Amino acid sequence: MPLGDFRSIYLPYCLERQENGSYAVLNREYKPVGFNTNEHISYEDYPVTTNFKKLGPMTAKRLSYDQSESLDKVYLYNDGCLPTSSKESMEAYLEKIAVLAKLEVDDA
């Protein structure tokens, strides 16, 4: 899918845990949210990762579209439930964003 809509560039698609335990919040193209490019991005070259204080399996399950408890990659939606495909899909996505928005971060 080419970069061509706001959702693909600016809305979180997944959280990907890095080797140091921090997370990159990625758009649909697996680039940091807001990066409008198809070029390869090395996350460590940019200040784009964050450390969540309390992101455990139960929170991952609440965030994950398929209720996975995996902490390595947490997918907020998939191609079968694009937030922009229906009112119900958007409501489900916004519920996940509400959970994500309340997570405390520690970037010190």
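The values are calculated or read from the model by the stated rules, or taken from the named source; none is laboratory data. The model shown is predicted, which means the values in this text are computed figures rather than measured ones. With ideal geometry, Cβ positions are generated from the backbone for all residues, glycine too; neighbour counts draw on all protein chains shown. These area figures cover heavy atoms from the full protein model, side chains too; ligands, DNA and RNA do not enter into them. Shrake-Rupley method; radii C 1.70, N 1.55, O 1.52, S 1.80 Å.
Residue pairs whose Cβ atoms lie under 6 Å apart, separated by 6 or more positions or on different chains, with the first residue in the range 83-102 and within 19 Å of Phe52 (Cβ to Cβ) and assigned to a helix (DSSP H, G or I) and the second open to solvent by 50 Å² or more (accessible area, probe 1.4 Å) and not hydrophobic (A, V, I, L, M, F, W, C), are Val99/Arg62. Taking every residue in the range 28-55 that is more than 26 Å from Asp79 (Cα to Cα) and pairing it with any residue that is part of a loop (DSSP other than H, G, I, E, B) and open to solvent by less than 30 Å² (accessible area, probe 1.4 Å), at least 6 positions away or on another chain, the pairs with Cβ-Cβ distances below 7 Å are Asn51/Ser22.
Within the option set Asp106, Asp45, being farther than 19 Å from Arg7 by Cα, in contact with a Lys or Arg (Cβ under 9 Å, 6 or more places away or on another chain) and exposed (fewer than 11 other Cβ atoms within 10 Å of the Cβ) holds for one residue only, Asp106.
When Arg28, Arg17, Arg62 are screened for being of a type in the set (D, E, K, R), surrounded by 17 or more Cβ atoms within 10 Å (Cβ to Cβ) and under 21 Å from Ala92 (Cβ atoms), only Arg28 passes. Residues in the range 1-14 that are surrounded by 15 or more Cβ atoms within 10 Å (Cβ to Cβ) and either aromatic (Phe, Trp, Tyr) or within 12 Å of Leu76 (Cβ to Cβ) (or both): Arg7, Leu11, Pro12, Tyr13, Cys14.
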